Amino acid sequence: MREYLSLAKKISEIILSSKEIIVVSHIDADGISAAGIASSSLERAGIEHKVLFTKQLDSNMLNKIKDMNPDLVWFTDLGSGQVHEILDMKAVITDHHFPSNLNPNIPLEKRKNILEFLDSMSKREIYQLNPHLFGKDGALDISGAGVTYIVSRELKYFNYDLSKYAIVGAVGDLQDNAYLKLIGTNRYILKEGEEYGFIRSTIDIRLFGRETRPLPKFLSYSNDPLIPGITNDERGVLKLLDELGIPIYDDNGKERTWVDLSIEEKRKILSHIVIRLLTMGFDSIYVTRLIGEVYLFPDEKKYSHLSDAKEFATLLNSCGRYNRPELGLKIVKGDREDAVRESVEMLKNHKKVIIDSINYVREIGIIKEKHYQYFDAGSKIPDTVLGTIVNMTLSINLADQNLPIFGFVDDGNGMIKVSARASRNLIEKGLDLSKILSEAARSVGGYGGGHNIAAGGSIPKGTQLEFLKAVERLILKGE
């Protein structure tokens, strides 16, 4: 983290010298966490500010921000990919997506005197804290919330308590998936949070719902990895627990969750699952995905959706996916009553939408080509969950792990949203979805970006096949 600190201090000085700031952030768990960190830091520093959320930092949103004419714009978890569009703003960026290398976009009204415009631009520098600028992988080293936290440490107070939200953002962006733990700069933030008592890490099963789901549902809902005789088979789970002598209720008649189990009970279940997977021919790498590092928050109420980083991130994601990111912001900033209750109800609906969406992809099928695979869901899947669905097709082996996958949905505004994912193995061979999606989308009049392993964007309706041809050319060019 040391290499980030000098630039973080410079950005903090710019922020502290501003009287009114607009924070602009993305609507996913990482973006909401980043916005919450920024807003809490500014509040503590006594700086007036507003928070805006956006799915995509397009020209309409940029014009809206410019019309508000703030002292400073603080872009969190976005902005780096559009830095060529915002050079005429006073702005700072804390982002982890691949930075743009495009030439500045000169506004029409300023083209009358380009020399004067370029002269003013040469005197203005947008400071951005981004791992890519330090030669690090933005999909693994640190999240948008993480780089925002590093700046927050320099803002009048150290704000160590906000480290937990940097971890929520990283887990929400699946940065712990590749190595079954957080690595790189995320690790420094984790250790700092642990040192001050705001985070606790431990080795345990990595399935979702350790704190909140009754044991039979917790195991039967598992899908990463899929476990034959357990996944989607609650009767099978009940039979297994009975055979292992593990009760599903405690002495007071309360349903037990995974965190209620003793170490011996956990060992029995895990041993059985591992043996079952291996005897059915599953690769050992598939099995090892079960166990890894999990992140807990001691100051949160046990059995709540906020005491485990993965569940916290999922709750925030549900707020963003249903256009209520401000609800997630309230939670990050400390609301543990109304905002949590409302978001939990939203999460229940979110789970149903995810199940229905995956089933629809199964129904229409994934089309495999030689160098890629894709599905086009039209308007049958909400555009806000497309990234989650594309990712799940790989994690549950619905899609081929040896090919990148692209998903398309109609966003309802005349554009097609596209999301892409690839296995870590493909990334290690040199595939970079951020560059591929960005260039392919631009070739058909759209835009996009992201990370080497996960990217997204928008393209004009009807250009999907032309876009995929461009994708194929770019993949072949990189081989």
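The values are calculated or read from the model by the stated rules, or taken from the named source; none is laboratory data. This is a predicted model, so every value here is computed, not measured. Cβ coordinates were reconstructed from backbone atoms using ideal geometry, including for glycine residues, and neighbour counts include every protein chain displayed. Protein only, heavy atoms only, side chains kept; ligands, DNA and RNA dropped before computing areas. Shrake-Rupley method; radii C 1.70, N 1.55, O 1.52, S 1.80 Å.
Scanning region 227-235 for any residue that is touching a strand residue (DSSP E or B) at 6+ places or on another chain (Cβ under 9 Å), over 29 Å from Thr76 (Cβ atoms) and free of Cβ contacts under 8 Å to residues at least 24 places away in the same chain turns up nothing.
Within region 228-253, the set of residues being among the acidic types (Asp, Glu) and loosely packed, with under 12 Cβ neighbours inside 10 Å comprises Asp242, Glu243, Asp250, Asp251.
If you go through region 336-349 and keep only what is surrounded by 13 or more Cβ atoms within 10 Å (Cβ to Cβ) and within 22 Å of the chain's Cα centre (by Cα), you end up with Ala339, Val340, Glu342, Ser343, Val344, Met346, Leu347. Every test in (1) part of a strand (DSSP E or B); (2) closer than 22 Å to Asn101 by Cβ; (3) open to solvent by 10 Å² or more (accessible area, probe 1.4 Å) is passed by Lys417 save one, and that test is (2). Against the numbered list (1) modelled with pLDDT of 95 or more; (2) under 30 Å from Phe53 (Cβ atoms); (3) polar (S, T, N, Q), Thr257 comes up short only at (2).
Looking only at region 367-376, decide whether some residue is in a helix (DSSP H, G or I), among the hydroxyl-bearing types (Ser, Thr, Tyr) and surrounded by 15 or more Cβ atoms within 10 Å (Cβ to Cβ). Scanning region 367-376, I find no residue that is in a helix (DSSP H, G or I), among the hydroxyl-bearing types (Ser, Thr, Tyr) and surrounded by 15 or more Cβ atoms within 10 Å (Cβ to Cβ), so the answer is no. Taking the options Val23, Val51, name whichever one is open to solvent by 10 Å² or more (accessible area, probe 1.4 Å), part of a strand (DSSP E or B) and not aromatic (Phe, Trp, Tyr). Answer to the check: Val51.
So which of Val471, Val390 is in a helix (DSSP H, G or I), farther than 19 Å from Gly172 by Cβ and touching a residue at least 24 places away in the same chain (Cβ under 8 Å)? Exactly one residue qualifies, and that residue is Val471. For region 18-35, the criterion of being over 26 Å from Leu140 (Cα atoms), touching a residue at least 40 places away in the same chain (Cβ under 8 Å) and in contact with a Ser or Thr (Cβ under 7 Å, 6 or more places away or on another chain) is satisfied by no residue at all. Considering only residues that are charged (D, E, K, R) and out of contact with any Phe, Trp or Tyr (no Cβ under 9 Å at 6 or more places or on another chain), look in region 261-292 and name the one that is most open to solvent (accessible area, probe 1.4 Å). By that ranking, first place goes to Arg267.
Please tell me if Asp299 is open to solvent by less than 40 Å² (accessible area, probe 1.4 Å), touching a Gly at 6+ places or on another chain (Cβ under 9 Å) and acidic (Asp, Glu). Taking the combined requirement at face value, the residue does not satisfy it. Given the residues Ile32, Ile65, Ile37, which is the only one that is open to solvent by less than 10 Å² (accessible area, probe 1.4 Å), touching a Gly at 6+ places or on another chain (Cβ under 9 Å), over 15 Å from Val151 (Cα atoms) and not in a strand (DSSP E or B)? Of the residues listed, the single one that is open to solvent by less than 10 Å² (accessible area, probe 1.4 Å), touching a Gly at 6+ places or on another chain (Cβ under 9 Å), over 15 Å from Val151 (Cα atoms) and not in a strand (DSSP E or B) is Ile32. Before we move on, is Gly184 on the phi > 0 side of the Ramachandran plot and either of a type outside the set (Asp, Glu) or modelled with pLDDT of 95 or more (or both)? It is true that Gly184 is on the phi > 0 side of the Ramachandran plot and either of a type outside the set (Asp, Glu) or modelled with pLDDT of 95 or more (or both).
Looking only at residues of region 129-149 that are more than 18 Å from Gly172 (Cα to Cα) and aliphatic (A, V, I, L, M), we find that the one that is modelled with the lowest pLDDT is Leu133. From the list Gly448, Gly412, the lone residue that is within 22 Å of Gly172 (Cα to Cα) and not in a helix (DSSP H, G or I) is Gly448. If you take the residues in region 123-146 that are in contact with a Gly (Cβ under 9 Å, 6 or more places away or on another chain) and hydrophobic (A, V, I, L, M, F, W, C), which one is surrounded by the fewest Cβ atoms within 10 Å (Cβ to Cβ)? That would be Ile126.
Taking the numbered list (1) open to solvent by less than 20 Å² (accessible area, probe 1.4 Å); (2) modelled with pLDDT of 95 or more in turn, Leu465 passes all entries but (1).
Here Thr202 fulfils each of the conditions (1) surrounded by 18 or more Cβ atoms within 10 Å (Cβ to Cβ); (2) of a type outside the set (A, V, I, L, M); (3) within 27 Å of Thr257 (Cα to Cα) apart from (1). Say whether the condition of being at pLDDT 95 or above, touching a Leu at 6+ places or on another chain (Cβ under 6 Å), farther than 28 Å from Thr54 by Cα and open to solvent by less than 10 Å² (accessible area, probe 1.4 Å) is met by at least one residue in region 398-410. Within region 398-410, none of the residues are at pLDDT 95 or above, touching a Leu at 6+ places or on another chain (Cβ under 6 Å), farther than 28 Å from Thr54 by Cα and open to solvent by less than 10 Å² (accessible area, probe 1.4 Å).
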